[in-house]
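Novice: To start, I am sharing the structure in question, which I have written as structure tokens.
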Amino acid sequence: GRDDRAPSRRGGRGSADASGPSFAERSGLTTWDWDDLPGHVDTRQAGNVVRAYPALVDEGASVALRLVPTEDERDRASRRGIRRLLILATPTPVAYVQEHLSNQEKLALASSAYPGPRALLDDCLAAVVDAEMRARHADGLVRTRADFEAVRDAVSASVMDRMFEAVGLVSRILVAARDADRAISKASSLQLMSALADARSQLESLVPAGFVSATGLERLRHLPRYLEAITVRVRRMQENPGRDRQWLTEFDQARTAYEKAGGTVPIDAEADARLVRVRWMLEELRVGLFAQELRTAETVSVKRIVRALAE
């Protein structure tokens, strides 16, 4: 008979076997200390084989190894758990970056929805780690020690430069958000109330606490343009409220189709890829309607959005 105890911390090879030894759930893990993580674990219960999936669950300062009922749940949890282990395995650049911010960056970072600049920088680090991970594993998942260590080494080699780059981009985003916020506040008038409320909710959904890692570095590059588009729109709606209403009616058709399909704003980074894609198409549509001169990154229309939702 097989040894039914948990695989040794170092070993773990046998656990990759679908009918391998039972799997020990553990918490408080701060390092990747097994050779490979099995895709699933089967256990016999009352003559039936029960299949469960080992997931790495982010606990904040550490990670837990837990069995979850579905592959989807395993992958969703493990993306965050693996990211946490990578962050724990990387000498943190956060304090150094914080000391070397320009005054302009310090000011920008102080005006975010995060609890404080440190929380914002920690989130920038999470986004940097994610970007390195996905450059090598598009699904954000690794199962073997060798793959984990390769990503960890890549992160360590580039983290300082990538952090300064990310922080520079994020401070530009926060300056653009502040400009949009001022424009909305200054424009207050009864006639424009619903248009301004729409602009305000768009602004808040672009830069909530957690937006850096939730948006991802790839998409963050577009945020200064989306935010500038709000400022342009506010100026224009004061010149021609009727035209703004017309464009908002058109935009609402796309927004309604997106919400009916289960889309939310802001959207969970782990949501269905099709919905994530359309969530950002909606921002491009806003640029195309309300601030054409800022140019869209792709051709976008209500029709295209409806078609993308049907794919």
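Novice: Round to the nearest 10 and report in Å² the accessible area of Thr215, as given by a 1.4 Å probe over the protein chains' heavy atoms.
Specialist: Estimated to the nearest 10 Å², Thr215 gives 30 Å².
Novice: Oh, and also: Given R₀ = 35 Å, FRET efficiency for Gln246-Asp268 by Cβ-Cβ distance, to 0.05?
Specialist: About 0.65, to the nearest 0.05.
Novice: Pull out the extension gain between Ser194 and Val50, defined as 0.36 nm times the separation in residues minus the alpha carbon to alpha carbon distance; nm, one decimal.
Specialist: 46.4 nm
Novice: Could you grab the relative contact order for the chain? Cα pairs under 8 Å, six or more apart, rounded to a whole percent.
Specialist: 12
Novice: I'd like the trypsin sites (Lys or Arg not before Pro) in region 215-311 restricted to DSSP loop residues with at most 10 other Cβ atoms within 10 Å, sorted by number.
Specialist: Loop-located and lightly packed - Arg295.
Novice: Give, in nm to one decimal, the length gained when the segment between Thr31 and Asp139 is fully stretched (0.36 nm per residue of separation minus the Cα-Cα distance).
Specialist: Extending this stretch completely gives an extra 36.8 nm.
Novice: Something else about it: Report the Rg/Rh value for region 26-89, based on alpha-carbon coordinates and the Kirkwood definition of Rh.
Specialist: Ratio of gyration radius to Kirkwood radius for region 26-89: 1.03.
Novice: Next question, about the same structure. Around Val68, which amide H atoms from residues at least 5 apart in sequence, or from another chain, sit under 5 Å from its own amide H, with H modelled in the peptide plane?
Specialist: Tyr53, Ala55
Novice: Still on this structure: At what distance in angstrom do the alpha carbon centres of region 221-238 and region 82-118 lie from each other?
Specialist: 27
Novice: Based on Cα positions only, what radius of gyration and what Dmax would you give for region 24-145, in angstroms?
Specialist: Reported Rg and Dmax, both Å: 17.9, 67.
Novice: Further question on the same structure: Over what distance in Å are the Cα centres of region 139-163 and region 267-311 separated?
Specialist: The distance from the Cα centre of region 139-163 to that of region 267-311 comes to 31 Å.
Novice: Which one, Ala195, His40, Leu121, is farthest towards the positive end of the dipole of the chain when Lys and Arg carry +1 and Asp and Glu -1 on their Cβ?
Specialist: Ala195
Novice: While we're here: I'd like the GluC sites (Glu not before Pro) in region 260-305 restricted to DSSP loop residues with at most 16 other Cβ atoms within 10 Å, sorted by number.
Specialist: Answer by residue number: Glu270, Glu298.
Novice: Still on this structure: I need the shape label for region 204-275. Rule: rounded when a/c is under 1.5, else prolate if a/b > b/c, else oblate, with a, b, c from the alpha carbon gyration tensor.
Specialist: Oblate is the answer for region 204-275, as a/c is 1.5 or above yet b/c matches or exceeds a/b.
Novice: Restricting attention to the alpha-carbon atoms of region 93-310, what are Rg (one decimal) and Dmax (integer), both in Å?
Specialist: Both quantities, over Cα of region 93-310: 18.7, 61 Å.
Novice: Sticking with this structure for a sec: Compute the FRET efficiency between Arg118 and Arg219 as 1/(1 + (r/R0)^6), taking r as their Cβ-Cβ distance and R0 = 30 Å, and round to the nearest 0.05.
Specialist: Once rounded, the FRET efficiency stands at 0.80.
Novice: Separate question: How large is the accessible surface of Met237 in square angstrom, using a 1.4 angstrom probe and rounding to the nearest 10?
Specialist: Surface open to solvent at Met237 totals about 0 Å².
The values are calculated or read from the model by the stated rules, or taken from the named source; none is laboratory data. Predicted model, so just to flag it, every value in this text is computed and none were measured. Positions of Cβ are backbone-derived with ideal geometry, glycine not excepted, and every protein chain shown enters the neighbour counts. These area figures cover heavy atoms from the full protein model, side chains too; ligands, DNA and RNA do not enter into them. Shrake-Rupley method; radii C 1.70, N 1.55, O 1.52, S 1.80 Å.
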